[in-house]
Every structure is written in C-alpha cells, then in structure tokens.
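> Here's a structure for you.
What follows is calculated from the coordinates using simple rules that are stated; it is not laboratory data. These figures come from a predicted structure and were not determined experimentally. Counting neighbours? That spans all protein chains shown, and the Cβs are built from the backbone with ideal geometry, glycine included.
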Amino acid sequence: MKQTIVYGPVLSRRLGVSLGINLLPRVKKICSLDCLYCECGWTQILTKNPKNINTFPNKNEIKEAIVEKLLETNINIEHITFAGNGEPTLHPDFPTIVNEIIKIRDELSPQSKIAILSNSTTLNNKDIRDSISKLDVKIMKLDVGNEETFIKYNRPAKEIHFSDVISGLLQMDDIIIQSLFANGKSGNYNEKNISDWINLIIKIKPKLVQVYSLDRLYPSDEIIPLPREKLIEIQTKLLENKIKAQVF
Ligand code: SF4
C-alpha cells in the first residue's frame, strides 16, 4: 500500500520514469474490484460508491503534494500517473482533480504526459469518461471476456455489471487495454475466456493491448503465473485480428 499521495519517480516497464499519484486513502484499500492478483492485497472496502468515506485526500492536499514533488525533482518525468491503492476514479472529486493536475503539469512539467491506470468499472459515468478522455495515456483493465470469469477473477462490487464495463469501454477512443492472465484453479486462462475476450477486444478497437502475467506478490493461492509462451500465443491471436499487442 502506498503511504503518500505522490510516490516515485519509479521506473515503470510501460511508462518509463513515472511519478505516481495515489488518490486513495492510505489506511484501507478501497476498490470496485477485488482481483485475485492485486499487489495491494485483498480489497478492504469493496464499493463503486465511496461517497460516505472521508479518508480520501482532499484536492488541496493533492495539488500541494504534486507541486512540491515537481519542484523538488530534477529528473525528466515522462509520465504523471493516476494509480495507487485502488481505483483512482473512485475519488469523489476525480473530475476536478484531473483539471487541476493538467494545469499544474502545463505550468511545471509541460514535457510530461498524464496517464491513468483504471479498472474500467466507472466508465458508465459520463463525467468520468470525459475526464479520462482529457488524459494523454489511458490504460484500461480488461482481463476477461464474460461475466462468469469477471465475477470469479476480478470479484466486482455487487453494483457492477460486466455489460456496463464493456459498454463504457466501447464509448472510449484512443485507449490501451491492459490484461493480466493467470493459470490455476481460478485463473482466467482457458479457451472460452480467451475467445470471448478476443471478440470483445475486436469490438472495443483499442490502439494497443498489453498482456502480462503475475510478476509481483498476489493474495490468492488459486492462481499461478502463465508461461511467457502462452502470452505470446495470445499476442499472436490479437495480431491475426489486426490488433496491436505487446507482451510484458
Ligand atoms: S482493480 Fe487494480 S487496485 Fe483494484 S483490486 Fe484489481 S488490481 Fe487491485
């Protein structure tokens, strides 16, 4: 769990030198999913509507933290990235915070791109879609191709429906889909899920798909890493369908 609002810079495999912004509380993990592989551990508050939770950092604290970090950092920041201890778009002031971070970036670090790692569960909210659309790099999670695997593997809050996630993704342009595949009793690597997932990817038309497997600590003992050659097979199937794909 990240203990600060701004963390890093870290050297990310996908984003280069990246400064992370954690909009989530530092004490308990809040997320709309409870993925079997989450490096932050099990979700303690599983919800899509955290309106009554008052432990989120406020927008002034967030602004101050990013300004302070950008002023003290003397290396080139390639990305300023919304990520952290859960789903960043759950912050009740997410749209305002996006506008403020864009202003700060323009003023203090105009060469940096602003990125987000989101789990895609809030995209049925137009304000969230509009805010994410303002960012330079939109990395959206989609690990599964059907509701049954979504429930087993990503373990959503009860108010989240897989059809809404897909309908939200279909309304986004210029996105990168990020998908983590795992083997094991509760893994998402099976013929039906891969086939359903590829069919959805073809409809969503992302500009890039990034596939990877477990390479950090994870809380479930019902999943195991997928060998790299299986990831390459998935990449090949995407390329056959003219979808650009990378294996990490
Ligand atoms: S969506 Fe991300 S933060 Fe939330 S449980 Fe899944 S991996 Fe963890």
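> What is the magnitude of the charge dipole of the range 6-247 about its Cα centre, with +1 placed on the Cβ of each Lys and Arg, -1 on the Cβ of each Asp and Glu, and no other charges, expressed in debye to the nearest 20?
Working: 32 positive and 30 negative charges, 40 e Å.
The dipole magnitude comes to about 200 debye.
> Compare the Cα positions of 201, 65, 76 along the charge dipole of the chain (+1 at Cβ of Lys, Arg; -1 at Cβ of Asp, Glu; about the Cα centre) and return the one farthest towards the positive end.
201
> Where both residues lie in the chain, what percent of DSSP beta bridges are antiparallel, nearest 5?
Details: 7 of 34 bridges.
So the antiparallel bridges in the chain amount to around 20 percent.
> Take 165, 10 and order them by how many other Cβ atoms sit within 10 Å, fewest up front. Walk me through the intermediate numbers first.
Working: 165 27, 10 13.
Fewest-to-most Cβ neighbours within 10 Å comes out as 10, 165.
> In what sequence do 248, 181 fall when counting other Cβ within 10 Å, fewest first?
Neighbour counts put them in this order, fewest first: 248, 181.
> Give a residue-ordered list of calculated ³J(HN,Hα) values for the range 216-224 (Karplus: 6.51 cos²θ - 1.76 cosθ + 1.60, θ = phi - 60°; whole Hz; x for Gly, Pro).
Each residue's phi maps through the Karplus curve to give 10, 5, 9, x, 8, 9, 9, 10, 9 Hz.
> Out of 151, 94, 19, whose Cα points farthest toward the positive end of the dipole of the chain (charges: +1 Lys, Arg; -1 Asp, Glu; placed on Cβ)?
151
> Normalised by the residues of the chain, what does the relative contact order come to in percent, with Cα pairs under 8 Å and at least six apart?
Values: 479 pairs, mean separation 45.8, N = 248.
Contact order relative to length: 18 percent.
> Here's something else I'd like to know. Between the range 45-70 and the range 154-226, how far is it from one alpha carbon centroid to the other, in angstrom?
Using only Cα atoms, the two centres lie 27 Å from each other.
> How much of the DSSP bridge set in the range 107-248 is antiparallel, in percent, rounded to the nearest 5?
Details: 2 of 17 bridges.
So the antiparallel bridges in the range 107-248 amount to around 10 percent.
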